[in-house]
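Notes follow the structure.
What follows is calculated from the coordinates using simple rules that are stated; it is not laboratory data. Everything numeric here is computed off the predicted structure, so don't read it as measured data. Backbone-built Cβ (ideal geometry, glycine too); neighbour counts: all protein chains shown.
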Amino acid sequence: MKYAILADIHSNLEALRAVLEDARTKKVSGYVCLGDIVGYNANPVECLEVIQELGCPTVRGNHDHYCSHNDNLNGFHPLAADVVDWTRRQLSEEQRDYLRGLKYVDRVETFTIVHSTLDTPEMWGYVFDKLEAEASFAYQATSLCFFGHTHVPLAFEKAEVVRAGLYAKIRISLGKKYFINVGSVGQPRDGDPRAAYAIYDLLNNEIELHRVSYDYRVTQKKIIDSGLPARLAARLAVGR
Ligand code: ZN
């Protein structure tokens with residue numbers, strides 16, 4: 001079994017299609033989505049349809065949460081609040097229902113999936129350092145957990161101590177725990193504008209990060225044409 005692990009798609013249909021095409025050529029047999037299907041870019045409806053059609057295990061991201069609830073957006077970054085407001089108006093009531101039904105944490109075969117952290121998943125904390133990873137590891141019942149939210153593909157490994165680093169390929173060894181970020185499909189923030197996702201090969205116990213080029217100029221044009229903030233278009237070209 002080979003899973004494509006997708007996170008932070010963020011309404012970027014061009015990036016999502018490119019990643020799914022790449023995953024097909026690499027012969028994956030299943031898909032997993034770590035949340036934030038919507039938000040930031042201009043195709044929330046279409047991206048949600050694609051994920052629903054895949055019918056894959058999916059957990060709730062903060063944008064999925066706020067775009068499907070009517071909570072007020074005080075304390076939100078103004079740029080993010082504008083887009084949440086815009087996205088709420090695009091989604092159908094059925095789509096909002098689907099997003100509201102997503103769990104914070106789920107289990108797929110032998111591994112766990114979450115959008116933010118396992119210690120307080122509904123608080124939407126970011127895991128960038130070992131201390132934050134340590135807090136999450138305390139609640140991790142499986143050897144392996146995939147997460148998203150930071151849009152930066154960082155891996156944490158816990159044996160005696162926690163180690164952290166960027167990765168291209170990881171071989172899972174027995175007796176250790178892994179908390180692995182697969183990067184972002186639709187809005188990478190590690191300085192590489194290409195879409196990111198990972199493939200987990202359960203037979204070989206290997207996780208490999210993949211980067212896929214796509215025509216972000218099409219995505220940028222849609223953002224501008226939809227009246228969404230121009231900064232959201234600009235950042236796609238630089239991966240920030
Ligand atoms: Zn996100």
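Here are a few things to note about the model shown:
- Scanning the range 12-42 for residues that are away from the ligand (no atom under 14 Å from the Cβ), buried (at least 24 other Cβ atoms within 10 Å of the Cβ) and in a loop (DSSP other than H, G, I, E, B) returns a single hit, 42.
- Members of the range 51-72 found to be part of a loop (DSSP other than H, G, I, E, B), within 19 Å of residue 30 (Cα to Cα) and within 15 Å of the chain's Cα centre (by Cα), listed by number: 56, 57, 60
- Residue 110 being in contact (Cβ under 8 Å) with a residue 24 or more places away in the chain and within 16 Å of the ligand (Cβ to nearest atom): no
- Yes/no for residue 142 being of a type in the set (Val, Ile, Thr), within 16 Å of the ligand (Cβ to nearest atom) and not in a strand (DSSP E or B): no
- Some residue of the range 49-58 being within 12 Å of the ligand (Cβ to nearest atom) and within 26 Å of residue 209 (Cβ to Cβ): no
- Failed item, numbered, when residue 106 is tested on (1) surrounded by fewer than 22 Cβ atoms within 10 Å (Cβ to Cβ); (2) within 26 Å of residue 213 (Cα to Cα); (3) of a type outside the set (Val, Ile, Thr): (2)
- Any hit, the range 184-196, residues being without any contact (Cβ under 8 Å) to a residue 60 or more places away in the chain and farther than 30 Å from residue 218 by Cα: no
- Residue 127 being closer than 23 Å to residue 81 by Cβ and within 16 Å of the ligand (Cβ to nearest atom): no
- Hits in the range 86-136 - residues which are part of a helix (DSSP H, G or I) and under 20 Å from residue 157 (Cβ atoms): 130, 131, 132, 133, 134, 135, 136
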